[in-house]
Amino acid sequence: MSDQVRITRRGLFRGLGSTTLIAGCRPGAPEQQPPMPPPDDPHARPQAPANAVGPGPAPLQFTLNGRPQTLEVAPHVTLLAALRLQLGATGTKVVCDRGSCGACTVLVDGVPRNSCMMLAHDVGGRSVTTVEGLARGEELSPLQQAFIRHDALQCGYCTPGMLISCQALLQRKGKAVTREDAEQAIAGNLCRCGTYPHIVAAVLDAAGRTG
């Protein structure tokens, strides 16, 4: 046998593997960082915007029934929860809590919205009106008075949301409101007592109409 060391393929790769492992474990060896993806890489992790909220409570400012409000609200809190639990506006009701019944409807910049389906921070800098904001002091609004005259409420769970949806309609169309308009306006508000005809009559009454 020759005195020279024979190098086989297996021995060569085994040696290279050991050398690589030892080199990687060498103290002070710089850690290899993965390259940063280019800005237009569709697989790149999206960066949070500068005005992102969270994870803890953050300041929130908005107008509630004509009065400015400032409070600390966690990013997961809904507008409904903030209104009831932090601001005491309990006229807005919790019924289905999933945007199906309309009992929690409020006006956001004049537009009826389900407050259980909005985050509180979504109304930052905006104007919110709840059922408490319809009356002027101790005087009920014309719509609220019409609801009483036409017996448009029974158990009362749906009434705040009904009033808000109808108020939005009156603000949008005024005396031009028709029966069809009223029926469409409350299509997203459920009344388990079945007072829909009375509610429509109250809306037409408040709009200065009789039918």
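The ranking of V123, V111 from fewest to most other beta carbons within 10 Å of each one's beta carbon is V111, V123. Looking at segment 75-211, the pairs of alpha carbons with a distance over 18 Å make up 51% of the total. Each Lys and Arg adds +1 at its Cβ and each Asp and Glu adds -1 at its Cβ; summed about the Cα centre, segment 125-211 shows a dipole of about 220 debye.
Put simply, the amide H of T78, placed in the peptide plane, has neighbours under 5 Å in A120, leaving out anything fewer than 5 places away on its chain.
Across segment 78-206, C-alpha contacts under 8 Å between residues 6 or more apart give a mean separation that, scaled by the residue count, equals a relative contact order of 27 percent. Annotation: amide H-H contacts under 5 Å for V73 (H modelled 1.01 Å from N, sequence separation of 5 or more, or interchain): A58, L60. Taken one residue at a time, the phi angles of segment 192-205 give Karplus couplings (6.51, -1.76, 1.60, θ = phi - 60°) of 6, 8, x, 8, 3, x, 5, 5, 4, 4, 5, 5, 5, 4 Hz. Gly and Pro are set to x.
None of the figures in this text is laboratory data; all of them are computed from the coordinates on show. In this text, all values refer to a predicted model and were calculated from it rather than measured experimentally. Glycine also receives a Cβ, built like all others from the backbone with ideal geometry; neighbour counts cover every protein chain displayed.
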